[in-house]
Amino acid sequence: MYKADSNLENDPLYSKVNSPSPETKPHGHQHSSMPRSLTLLFATACGMSVANIYFAQPLLNRLSNDFGIDHSVIGVVITITQIFYGLGLLLLVPLGDLLNQRRLIVGQMLLSAIALIIVGTAFSSVVLFVGMALVGLLAVVTQTLVAFAANIASPTERGRVVGIVTSGIVIGILLARTFAGILTDLAGWRSVYIVSAALMLLLASLFFKVLPVVEREVKSITYLQLIRSTFTLFIQERTLRVRSVLALLIFADFSILWTSLVLPLSAPPFALSYSAIGAFGLVGVAGALAAASAGKLADRGYGQRTTGCALLLLLISWLFISYLQQTFVALVVGIVLLDLAVQAIHVTNQTMIFPLYPEARSRLTAGYMMFYSIGSASGSIASTQIYAHFGWGGVSLLGASVSAFALLFWALSIRVKISK
């Protein structure tokens, strides 16, 4: 929590969020138990929204062929999506503190559907890139959904609701490749985005009907002040800075694997179908589910130990992944270890930063997730460049190097903190 002598106390937003205010509540009545069906709807919407930025990963080879984009630069498709997702985190997520969240969610879903249609009907690489940029920008509705679910849930069930909704995000990321692979084999890659657009329209109509109207306290702050406060958090909180850098590195590693994996698997001697390539996303579910206890360990004061162990697993995972050309068994083991490590660190990161400033969790999330986007974008473009010049061995070395650097950074951050 910020100290009383913090220079934030002169910030209009700081004084506002730290002043007593009543709980946000649905119009006309006090907080009541949130229906399980509505909670599951939130989780489903989060999963589908975040999946939109991952559909392209198993389709890079097809996109490269259809639009005449060289393999060495096709990763820019993922990079553009992630960069604009990062911009959306900074520019759109804070709007939930100023605007009606119900309208914001429905509006972003409708615009997301339009963006997906642009991608699905793209006739040139320029249109494809523009569509992907819009898809990334608007996919941040996921974060708005999480915040709104926390607002309308009763205080006694808020943790459970947010946990279920957040699980939808993880499932959406992991199953996006499977969904894209199956649809591509059945009806071509364009069908992936057209079907997703139809589903987003369906969700928008459902949310328009079922979301409650929420009374909000009118805030005497400007949009620019809200954005500025996100950066101020980084100046004040060392833990946020350290954990954000770790997020950048681990999600760069995550993206290095999943962006480039389609390239060797779709080429001879494997020449796997897009459904088969997408099925590798199912392997990662085991790792992600195994990481569920990381948050509990952090709550018990073992956050640093959990981070160190997970970073070591992340480094080891690349040893197995490097044997892709020899055996799929090693690849599967590597994928499980990598997803386990990344999700464990991600959960631990969030568990450690949320208590810093409970009244500004949406801005903490926005700032932290911006580093996630930078890492994902960097990993995507670097992996395809390295694969084009050095093959899978080069990709494995890149992933291992990033893992080693993350482990070194964490160790140094612990030493610096202890020395102080």
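The values are calculated or read from the model by the stated rules, or taken from the named source; none is laboratory data. Nothing here was measured: the structure is a model prediction, and the numbers come from that model. All Cβ positions, glycine included, derive from the backbone under ideal geometry; neighbour counts span all protein chains shown.
Summary of values
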{"quantity": "Boolean, Leu186 is crowded, with 18+ Cβ neighbours inside 10 Å, at pLDDT 85 or above and in a helix (DSSP H, G or I)", "calculated": "no"}
{"quantity": "Of all residues in region 282-328 being outside any helix (DSSP H, G or I) and over 30 Å from Phe179 (Cβ atoms), the one that is modelled with the lowest pLDDT", "calculated": "Arg300"}
{"quantity": "Unique match (being in a helix (DSSP H, G or I), over 24 Å from Tyr54 (Cβ atoms) and in the same structural domain as Gln236 (by TED's automatic domain parsing)) among Leu364, Leu331, Leu407, Leu338", "calculated": "Leu407"}
{"quantity": "Number of positions in region 252-271 that are in a loop (DSSP other than H, G, I, E, B), over 25 Å from the mean Cα position of the chain (by Cα) and either buried (at least 18 other Cβ atoms within 10 Å of the Cβ) or in contact (Cβ under 8 Å) with a residue 60 or more places away in the chain (or both)", "calculated": "1"}
{"quantity": "From Arg243, Arg238, Arg228, Arg160, residue being modelled with pLDDT under 80 and of a type in the set (Lys, Arg)", "calculated": "Arg160"}
{"quantity": "Looking only at region 67-114, and only at residues there that are without any contact (Cβ under 8 Å) to a residue 60 or more places away in the chain and small (Gly, Ala, Ser), the one that is surrounded by the most Cβ atoms within 10 Å (Cβ to Cβ)", "calculated": "Gly88"}
{"quantity": "The listed residue being over 20 Å from the mean Cα position of the chain (by Cα) and of a type outside the set (D, E, K, R), out of Ile105, Ile117", "calculated": "Ile117"}
{"quantity": "Within region 331-357, considering residues that are of a type outside the set (A, V, I, L, M, F, W, C) and surrounded by fewer than 23 Cβ atoms within 10 Å (Cβ to Cβ), the one nearest to Ser396 (Cα to Cα)", "calculated": "Gln350"}
{"quantity": "Filter result for Ala377 (closer than 21 Å to Ala149 by Cα, touching a residue at least 60 places away in the same chain (Cβ under 8 Å) and crowded, with 23+ Cβ neighbours inside 10 Å)", "calculated": "no"}
{"quantity": "Residues within region 137-152 that are closer than 12 Å to Ala113 by Cα and of a type outside the set (A, V, I, L, M), tallied", "calculated": "0"}
{"quantity": "Tally, over region 386-408, of residues that are of a type in the set (Val, Ile, Thr) and within 15 Å of Leu261 (Cα to Cα)", "calculated": "2"}
{"quantity": "Some residue of region 224-236 being farther than 30 Å from Phe67 by Cα, in a helix (DSSP H, G or I), free of Cβ contacts under 8 Å to residues at least 60 places away in the same chain and not basic (Lys, Arg)", "calculated": "yes"}
